[in-house]
Amino acid sequence: MKTMTAIIIGAGDRGARAYAPYALAFPNELKIVGVAEPGMERRTKLQQAHGIPDENCYDSWEEVLNLDRKMADIAIICTLDRNHIKPTMRALELGYHVLLEKPMSPDPLECIAMEQAAKKYNRQLTICHVLRYTEFWSTIKKVIAKGEIGEVVSLQLNENVEVMHMSHSFVRGNWNNKEKSSPMILQKSCHDMDIISFVMGKKCKRINSYGSLLHFKEEHAPVGAPQRCLDGCPAELECPYHAGRYYLGEGKGWAKKFTEDYTNEGIIKALKETPYGKCVYRSDNNVVDHQVVNMEFEDGATATFSMCGFTREQTRIVQIMGTKGEIRGNMEENSISIFDFLTKHETVIKFDNPVGGHGGGDNGIMRTFLKEIQFGNSVDSVSSASASVRSHLMAFAAEDSRLNKGQSINIDEYYQSLLENIKA
């Protein structure tokens, strides 16, 4: 496989720490030759790590994508959710293959537009549904495809977000407000809508959903709690979400998400200046902290999904019930069990410790993306835009259902109505 070149658009946590490191580990496969990032510290760190010349470092995506030349083979786009559409459409038009962080967009019409643009320009557009590339989920997919548990009747998937991850990312962080980023079911759980579709191997026909923001609200703030935790909160020792105690203690690694100065002084300064130092009950968050989704597939099989921010660990737990057997799995434990109803035999598979984030999925998607560009299969990619649009529509429909008191939504009709809007 020849060495391919890439530019990073958005050098935040996912761009700089999840995908770009692949080029350092496998320089024979990928080289990062340019970066567009408004934050000087992030831009400089990525530049130094990859030896990018000064003339290939830009403040904005507009600068790099408005050049009269294509700088690289690939654009890795990891801007915030609502800033995906413009750089993606421009990069495809210029002839870049695009690796796009999920979700594609908070707007379903934009998702479809990107899918259609990839087809128009015959470019690879892969969405970062990294779970598909883990050994955990790919093995489950193979077991089902081989018929080891017969026909799938029902699937149950629980996403345990974990309380401090919930407070960090979805109460204080970049994804705390659906108008500024995306609804929770799209931003966090489009992974889950996608992986359910992936292992079921068939289309979801109908969906409904319930959920709400139950706890992280002003009315639940401790008496006398200030706007920021470090401003002398009387509930400091009783509140599990106190920013100072967490980010200066067990959560110090998470401080890397909002400051480049990891010293105690640097973290304290950031907690006084950024949203990560706010009281969780006095933030501008409005995404749900728990949600359930019910799905019916084309052959009558069903699936249920439950996302909850109030769990002790961060993991996904799955149970898949077939006519001949059952699969159970826990991503944190990185193991699955397969039970045969006839023989009563249980096979337990314990996977090796994965290399890279998301159970090895971050590295897996990079490797597959590069191979698909060079050796074909772009239209039917494991997580191509076409495959991703369907699972994104499931998330959009689930959110519409939740906002309409659990109304059942037909996915095909929902998709057709969107296409008509585009044509209009």
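Please treat every number below as a calculation from the coordinates, not as lab data. Since we're looking at a predicted model, the values are computed, not measured. Here the Cβ is made from the backbone with ideal geometry for all residues, glycine too, and neighbour counts use every protein chain on show.
Could you tell me which of rounded, prolate or oblate describes region 1-102, using a ≥ b ≥ c as the square roots of the eigenvalues of the alpha-carbon gyration tensor, with rounded for a/c under 1.5 and, failing that, prolate when a/b is larger than b/c and oblate otherwise?
rounded
Too long at a 29 Å Cα-Cα cut-off: which of LYS102/LYS405; LYS31/LYS86; LYS119/LYS141; LYS141/LYS405?
LYS141/LYS405
Counting only DSSP beta bridges with both residues in the chain, what percent are antiparallel, rounded to the nearest 5?
Within the chain, antiparallel bridges account for around 60 percent of the total.
Looking only at ILE349, ILE76, ILE327, which one moves most when the chain is put into a Gaussian network model with springs between Cα atoms under 10 Å?
Ranking ILE349, ILE76, ILE327 by mean-square fluctuation puts ILE349 first.
Let me spell out the model: positive unit charges on the Cβ of Lys and Arg, negative unit charges on the Cβ of Asp and Glu, origin at the Cα centre of the chain. What dipole size does that give, in debye rounded to 20?
My answer is approximately 400 debye.
Could you work out the Kirkwood radius for region 44-193, taking every pair of different alpha carbons, averaging 1/r and inverting it, reported in Å?
It works out to 18.0 Å.
List the aspartates and glutamates whose Cα sits under 12 Å from the Cα of LYS324, skipping any in the same chain fewer than 8 residues away.
Here the aspartates and glutamates satisfying the reach criterion relative to LYS324 are GLU148, GLU151, ASP340.
Evaluate the charge dipole of region 218-277 about its Cα centre and quote only its size in Debye, nearest 20, assuming +1 on the Cβ of each Lys and Arg and -1 on the Cβ of each Asp and Glu.
Result for region 218-277 is approximately 220 debye, rounded to the nearest 20.
May I ask you to list the aspartates and glutamates whose Cα is less than 14 Å away from that of LYS256, ignoring any residue fewer than eight positions away on the same chain?
ASP13, GLU41, GLU265
What ranking of LEU393, LEU100 emerges when the number of other C-beta atoms within 10 Å of each C-beta is taken as an exposure proxy, fewest first?
Least crowded to most crowded, the residues run LEU393, LEU100.
In which sequence would SER182, SER335 go, from the one with the fewest C-beta neighbours within 10 Å to the one with the most?
The fewest-first ordering by Cβ neighbours comes to SER335, SER182.
Would you mind pulling out the separation of the Cα centroids of region 126-141 and region 16-53, in Å?
So the separation of the two Cα centres works out to 24 Å.
For a footprinting-style exposure proxy, rank LEU94, LEU157, LEU109, LEU342 by other Cβ within 10 Å, fewest first.
With the sparsest Cβ surroundings first, the list reads LEU342, LEU109, LEU94, LEU157.
Among CYS190, SER169, GLY232, whose Cα projects farthest towards the positive end of the dipole of region 163-272, with charges put on the beta-carbon of Lys, Arg (+1) and Asp, Glu (-1)?
CYS190
According to the square roots a ≥ b ≥ c of the eigenvalues of the Cα gyration tensor, what is the shape class of region 104-181, taking rounded for a/c under 1.5, prolate for a/b larger than b/c otherwise, and oblate for the remainder? Don't skip to the end; give the middle numbers.
Working: a/c = 2.45, a/b = 1.15, b/c = 2.14.
Oblate shape, in that a/c is at least 1.5 and b/c is the bigger or equal ratio.
With only Lys, Arg, Asp and Glu charged, each at its Cβ (+1 for the first two, -1 for the last two), find how big the charge dipole of region 4-128 is about the Cα centre; round to the nearest 20 debye.
Here region 4-128 has a charge dipole of around 280 debye.
Which of the three applies to the chain, rounded, prolate or oblate, going by the alpha-carbon gyration tensor with a ≥ b ≥ c and a/c under 1.5 meaning rounded?
Note, shape of the chain comes out rounded.
When we measure straight from the Cα of LYS252, which lysines land under 21 angstrom away, once same-chain ones fewer than 8 places off are left out?
The reachable lysines, counting only those whose Cα sits under 21 Å from LYS252, are LYS45, LYS269, LYS272, LYS278.
Over the chain, calculate the relative contact order: mean separation of alpha carbon pairs under 8 Å at least 6 apart, over the residue count, as a percent.
Details: 834 pairs, mean separation 87.5, N = 424.
In percent, rounded to a whole number, it is 21.
Which is farthest toward the positive dipole end of the chain among PRO27, TYR241, GLN319, measuring Cα position about the Cα centre, with Cβ charges +1 (Lys, Arg) and -1 (Asp, Glu)?
Comparing the listed Cα positions along the dipole, PRO27 ranks first.
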